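Visitor: Take this structure, written in structure tokens, and hold onto it; I'll ask about it next.
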Amino acid sequence: MADEDGRDRGFYTGLAAIERFGDLTDPEAYRPVPAGWVLGLADIVRSTDAIAAGRYKQVNTAAAAVIAAVSNALPGVSIPFVFGGDGASFVLAPGDAETGRLALARTAAFIAETFDLDLRVAMVPVDEIRASSHDLRLARFTPAPAVSYAMVSGGGLAWAEARMKAGDFAIPRATDGVGPDLTGLSCRFSELPAKNGTILSLIVVAPESEDDTLFRRAVAEILALADGETHNGRPVTNGAPDLAWLTAGFSSEVETARAGSGRPRALSALLVALKTGAAFLTFRLGLRWGGFDVKRYLKEFVVNSDFRKFDDALRMTLDCTPETADRIEALLAAANARSPLAYGLHRQTAALVTCFVPAPNRSDHVHFVDGAAGGYAMAAQAIKQARTSPIPAPVLAPAPAPAPEPAP
């Protein structure tokens, strides 16, 4: 499908489907975004203040709302997007840029009015990124046939985020009084307690220099440690998290459900209560209706979950043992001692899941996983703090020596 400027919207879907996450460390897996395309960006200003106030679920909802709003504004278009915990990004063809810009502007206005959070939004031409001597390259990670997550390299995303935070390429909030269409955005699941002891949110930033040997080695070692954990460190296992009827996310879902409809809050609350009540019974009783099959959905929920990604950095939310978290921290500190390597870690006892389900009977539902106590936002804050006051490398006790072989 070609856009109005003659540039192919099918660039992203035409990328090779990469099914093994470890293959994404290969630079050859990425392809340059076409000239003339745009990069949309959003992040919550002072997200650490919201986290300190216990509002990280709302922060996650706001970030996922950006993806839902743009996806719903462009039905049928496969949009490369990245969820970052307290922000999100996406890439659009030239003919879709104005629609994406309006969706960002309306989402920023909605988040300010509804959640009292400052969602900063911007749109950066890819040509500007390349003029800055950076690049924007994408790979398409497909953990399941119906789901793709965009992976990013080239330094352009990090450069654009820094420019956005400096006030460049800003998009003002919409003033037309029309809310974004957030159909399918859901935050009704309960927190996921750590099964192995720790939920570790980590960010390891790719270097700007061409020599990324140290970064790739550290990533390979982290992935190996994660693969050694139960379920490869996935926070989501054996189906969806516990689904209660009226959860802590109920009020947020009431607001997102009415965002683009203009319906009264009381009516939205009633409709969401009925909808979540029906979902609660469906999941508890294993019911099957229409094209919806609970067992199929729960299997897809696990494989469709977005708990690791590349966006000019490695981001992961792992369910691991405290010992594995220690070893990841130690190997990163050791790598940083050899050559500067920016990284941040944050440990929690539970994970959050925010969902975008375009239609219950389809398999392209996506689930964004983050730590429940700050996650990626706090890991990013740790990077900022380390740059101003480096933290000494942790010292681990040596592994016990192997027992001597028995005498023959």
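Visitor: Return Val205, Val254 ranked ascending by Cβ neighbour count within 10 Å, so the fewest neighbours appear first. Numbers along the way, then the final one.
Guide: Values: Val205 17, Val254 20.
The fewest-first ordering by Cβ neighbours comes to Val205, Val254.
Visitor: How would you rank 88-97, 337-346, highest first, on the average number of other Cβ atoms within 10 Å across their residues?
Guide: 88-97, 337-346
Visitor: What ranking, highest mean first, results for peptides 304-314, 369-379 when packing means the other Cβ atoms within 10 Å averaged over each residue? Walk me through the numbers before you get to the answer.
Guide: Numbers: 304-314: 22.8, 369-379: 26.3.
Highest mean packing first, the order is 369-379, 304-314.
Visitor: Under a plain spin-label model, where a point goes 7 Å from the Cα along Cα-to-Cβ, how far apart in nm are Asp212 and Val45?
Guide: The two pseudo-label positions are separated by 3.2 nm.
Visitor: Rounded to the nearest 500, what is the 222 nm mean residue ellipticity of the chain from helices alone, with -39500 (n - 2.57) per DSSP H run of 4+ residues and division by all residues?
Guide: Working: 11 runs with 146 residues, N = 408.
So the calculated ellipticity at 222 nm is -11500 deg cm²/dmol.
Visitor: Filter Lys275/Lys295; Lys57/Lys295; Lys57/Lys309; Lys299/Lys384; Lys165/Lys195 down to the pairs with a C-alpha to C-alpha distance above 31 Å, please. Can you show the working numbers first?
Guide: Values: Lys275/Lys295 19 Å; Lys57/Lys295 27 Å; Lys57/Lys309 20 Å; Lys299/Lys384 38 Å; Lys165/Lys195 37 Å.
Cα-Cα > 31 Å for Lys299/Lys384; Lys165/Lys195; rest within.
Visitor: Also, quick follow-up: Can you tell me the order of 226-233, 135-142 when each peptide is scored by its average per-residue count of other Cβ atoms within 10 angstrom, highest first?
Guide: Working: 226-233: 16.2, 135-142: 20.1.
Output ranking for 226-233, 135-142: 135-142, 226-233.
Visitor: Next question. Bin width 5 Å, alpha-carbon pairs only: give the P(r) of segment 20-65 as whole percents, running from 0 to the bin holding the largest distance.
Guide: 5, 15, 16, 10, 11, 17, 17, 8, 2
Visitor: Once the Cβ-Cβ distance between Asp118 and Leu285 is put in as r, and R0 is 51 Å, what FRET efficiency do you end up with, to the nearest 0.05? Could the numbers behind the result be given before it?
Guide: On the way: r = 42 Å, r/R0 = 0.83.
E(calc), rounded to 0.05, equals 0.75.
Visitor: Oh, and also: Please list log₁₀ I(q)/I(0) at q = 0.11, 0.13, 0.21 Å⁻¹ for segment 1-94, using the Debye equation with identical point scatterers on the alpha-carbon positions.
Guide: These q points yield log10 I(q)/I(0) values of -0.43, -0.58, -1.08.
Visitor: Another question about this same structure. Could you tell me the relative contact order of segment 1-144? Use alpha-carbon pairs under 8 Å, at least six residues apart, and round to a whole percent. Walk me through the numbers before you get to the answer.
Guide: Numbers: 230 pairs, mean separation 56.2, N = 144.
Here the relative contact order equals 39 percent.
Visitor: Here's a follow-up. If I model a spin label at Asn361 and Glu98 as a point 7 Å from the Cα along the Cα→Cβ vector, what separation in nanometres do I get?
Guide: 3.6
Visitor: Of the labelled options (1) 22.0, 73; (2) 20.2, 63; (3) 21.3, 85, which one gives Rg and Dmax of the Cα atoms in Å as computed for this structure?
Guide: This structure yields the entry labelled (3).
Visitor: Assigning unit charges at the beta carbon (Lys, Arg +1; Asp, Glu -1) and nothing else, what dipole magnitude in debye, to the nearest 20, does segment 158-202 show about its Cα centre?
Guide: Values: 5 positive and 5 negative charges, 36 e Å.
It works out to roughly 180 debye.
No lab work stands behind these numbers, since they all come straight from the coordinates. Everything numeric here is computed off the predicted structure, so don't read it as measured data. All Cβ positions, glycine included, derive from the backbone under ideal geometry; neighbour counts span all protein chains shown.
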